[in-house]
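Please treat every number below as a calculation from the coordinates, not as lab data. Owing to the predicted nature of the structure, the values given are computational and were not obtained by experimental measurement. Ideal geometry is used to build each Cβ from the backbone, glycine not excepted, and the neighbour counts take in all protein chains shown.
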Amino acid sequence: MVFSKLLFIKYSWMRFIFPLVAFFFVLNIGSRERNDFLKNNFTLKNYRQIRLVENGLLALPFTLYQFFEQEFLFGFLTMLFAMILSFFNTKQQSALVLPTPFSKNPFEFIIGFRKIWLVFLGLYALTFISVSVGNFNLGVFALFVLFLVCMAFYTYLEPLFYVWVYSLSIPDFLKSKTTVGLSYSFLLSLPVFITLLIAFSGNGYIVLMLETVGLCYVLMGLVAKYAYYPGELTILPGIVVAICIFAPPLMLVTIPYFYFKSKRNLLLYK
Amino acid sequence: MIRIKALHKSYGKNEVLKGIDLNFERGKVNGIVGENGAGKTTLFRSFAGLETYDGTIEFEAGLSKDNICFLPTHPYMLSKITGLEYLQLLCNARDIQVDQIEEKNPFDLPLNEFAEQYSTGMKKKLALTAIFFQKNEVFLFDEPFNGLDLQSNMLLKDIILKLRNLNKIVIVSSHIFSALGEICDQMHHLKNGKIIDSAQKADFGRIEQNMRNDDFRKRIDRLDLG
């Protein structure tokens, strides 16, 4: 409540954000699968009531708070749209197949890129802006974020079958994953990397260093994932990875550590 | 030849497989029948190496886990991957080069659509197609007929018979007896984690009778259908 108040005081556009957050929650329970289940198991009248009550309850705190802020119109519209949305299902996953250069080795990068291609578009745009306004730091930020995104592709844990199915030995499996990961990360970073090298040639050594460090981030993400697979990265190694992001030289220790741990860990599954 | 000896598998205190002994020969189709929860999937997953277990599985010379393909009951499809990319991924995994994948599409699947959005039967057909591309020696099919349409069922049966003629080792599980009766050379009845009967083709009727004798009528009466 206090936090919301502060947000409303500080940012006038919060009145637009509150309804959007409410709709996010409402849309989240609007999947066809879930609502077909309800429809199958309740009478039509009860089904309608359930969905109206669900959506109403989700929107209520947002509406009440907006009334409290005397944003009556936005509060009323939040509730009205939540009620209307109870008559519709959330759109299913898009069937549009985005072509990518990763189809020779389809996995982490093809999935990740198709899920968040807009982020890459944004980062490329940011690089363009950094050049046009002559702000090198902005370009560096774009390249840094790009590698963090590529590294995050390795937070997805595939079912055991997709590790088991490889006929490669464990070192070869990790080598193959590394080759693909590094080459595809390099490919994605290439537009930013080349642009920064050309536009800020005086700082070329920084760009080169960041590119190398970025590729190491990706490698660390990969080996850290398989060191704890099929479980998720626990708190302690998660903190270690986070520290390495801000203190890259530590990767000289952590990458070999995670690599050898991956080799031992994967013995159980291959 | 593959020999399974004294295979045990437990999840905590729940012992799912209680000492399985089985032999699988080349050029034979082996059926594993049993009701839901009998342990068929656990047996297959242990066999494939997806589960740890007690006991031994001996492979003949030249065979290993890398020659095994496994069709799970519900093949999991990664999101945002097309059918074609799924096939590419599974061929890459076994270092198999397949040219013109789209032309060798036995079930006429829409390979350029997302596999995750396929129907249950289509997902199974895609997983089967990948398995056939992998050129394995041992085929583990866990409930392969579930969800398939009639034509695909017939096609799959013919493919399995062809694999037998190619001297492969084929092991198929199902809780539908009739589906296995047509294609199997040997059948094993798994119940409560134990093989309680094994029969050659001529004696399949005995296993079917055993399954039917399982107080069916009492169960129907208990439903009180009116």
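One table, with the values for the structure above:
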item: Stokes-Einstein D in µm²/s, Kirkwood radius over Cα pairs - the stretch A:104-189 at 4 °C with 1.567 mPa s viscosity; result: 90 µm²/s
item: Assigned charges on the beta-carbon of Lys, Arg, Asp, Glu; the protein assembly as shown dipole about Cα centre (debye); result: 620 debye
item: Mean Cβ count within 10 Å, highest first, over the residues of peptides B:45-55, B:167-177; result: B:167-177, B:45-55
item: Pair-distance profile P(r), taking every C-alpha pair of chain B, with 10 angstrom steps and integer %; result: 7, 31, 35, 20, 6, 1
item: For chain A, built as a Gaussian network whose Cα springs stay under 10 Å, the top-fluctuating residue of A:G181, A:G75, A:G112; result: A:G75
item: Bins of 5 Å, starting at 0 and running to the largest distance - Cα pair percent for chain A; result: 1, 5, 10, 11, 11, 11, 11, 12, 11, 9, 6, 2, 1, 0, 0
item: Principal axes of the stretch A:185-270: Cα extent on each, largest first, Å; result: 49, 25, 18
item: Debye-sum result for the stretch B:57-186 in log10 I(q)/I(0), which assumes one identical scatterer on each alpha carbon, at q = 0.17 Å⁻¹; result: -0.92
item: For the protein assembly as shown, calculated [θ]222 nm from helices alone, where every DSSP H run of n ≥ 4 adds -39500 (n - 2.57); result: -18000 deg cm²/dmol
item: Shielding by partners - mean other protein chain Cβ count within 10 Å, residues of A:157-169; result: 6
item: Net charge of Cβ neighbours under 9 Å - reference A:E108; Lys, Arg +1; Asp, Glu -1; result: 0
item: Debye intensity ratio in log₁₀ form over the Cα atoms of the stretch A:108-266, taken at each q of 0.08, 0.09, 0.11, 0.19 Å⁻¹; result: -0.25, -0.31, -0.46, -1.18
item: Debye intensity ratio in log₁₀ form over the Cα atoms of the protein assembly as shown, taken at each q of 0.11 Å⁻¹; result: -1.14
item: Exceeding the 23 Å Cα-Cα cut-off - candidates A:K175/B:K168; B:K5/B:K168; A:K263/B:K125; result: A:K175/B:K168; A:K263/B:K125
item: All Cα pairs of the stretch B:32-106, percent lying beyond 21 Å; result: 46 percent
